[in-house]
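The values are calculated or read from the model by the stated rules, or taken from the named source; none is laboratory data. A quick note: this is a predicted structure, and the numbers were derived from the prediction, not measured. Here the Cβ positions follow ideal geometry from the backbone for every residue, glycine too, while neighbour counts run over all protein chains shown.
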Amino acid sequence: MTDEYKSNILPRAPELGPPASYFHGLWVGAPEGEALEWYDELDALRWSIRCVRKFRDGSLKAHSYASADWRDTMPDQPLPPLEEINENADFICKEIAKAELRVFGNGQQQGRAEADVRSTNLVR
């Protein structure tokens, strides 16, 4: 394989460890059409294993590296430490318990978005 060909190959998904923590972020100044709330299941290196994005209209989008479009939807680097994120006044972030992610399974959300969230196995 030539060096030129190797440079055109897209990187693979990161090697992920087991879930180690859970993250909730609020993007205070999220523009219309962008996710307002971010929920992520993180491994020990803070790579997002699975994530759910909640929009102003209440709709949800779920993503994982198993998604066909993961390169467009999953973070391309580990999440920074909470202190670093919270230095920006536009964000309010905290670690949450796994049980807090069950909000997506309580029947408030309907249709395809709920099915997408359940398909991530984030809510068991």
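General observations
- Scanning the range 57-69 for residues that are out of contact with any Pro (no Cβ under 9 Å at 6 or more places or on another chain), farther than 13 Å from A35 by Cα and surrounded by 14 or more Cβ atoms within 10 Å (Cβ to Cβ) yields S64, S67.
- Considering N121, N88, the condition of being at pLDDT below 50 and of a type outside the set (A, V, I, L, M) is satisfied by N121 alone.
- When residues in the range 82-96 are screened for being more than 15 Å from W27 (Cβ to Cβ) and under 15 Å from the mean Cα position of the chain (by Cα), 2 of them pass.
- Qualifying residue in the range 29-43 (condition: among the hydroxyl-bearing types (S, T, Y), in contact with a Lys or Arg (Cβ under 9 Å, 6 or more places away or on another chain) and either at pLDDT 95 or above or in a loop (DSSP other than H, G, I, E, B) (or both)): no
- In the range 70-106, the residues that are aliphatic (A, V, I, L, M) and either under 16 Å from W38 (Cβ atoms) or in contact (Cβ under 8 Å) with a residue 40 or more places away in the chain (or both): M74, L79, L82, I85, A89, I92, I96, A97, L101, V103
- Any chance L79 is assigned to a loop (DSSP other than H, G, I, E, B) and within 10 Å of the chain's Cα centre (by Cα): yes
- For beta carbons closer than 8 Å, sequence separation of 6+ or different chains, a first residue in the range 26-39 that is in contact (Cβ under 8 Å) with a residue 60 or more places away in the chain and buried (at least 17 other Cβ atoms within 10 Å of the Cβ) and a second that is in a loop (DSSP other than H, G, I, E, B) and among the hydrophobic types (A, V, I, L, M, F, W, C), the qualifying pairs are W27/A35; W27/L36; Y39/L122.
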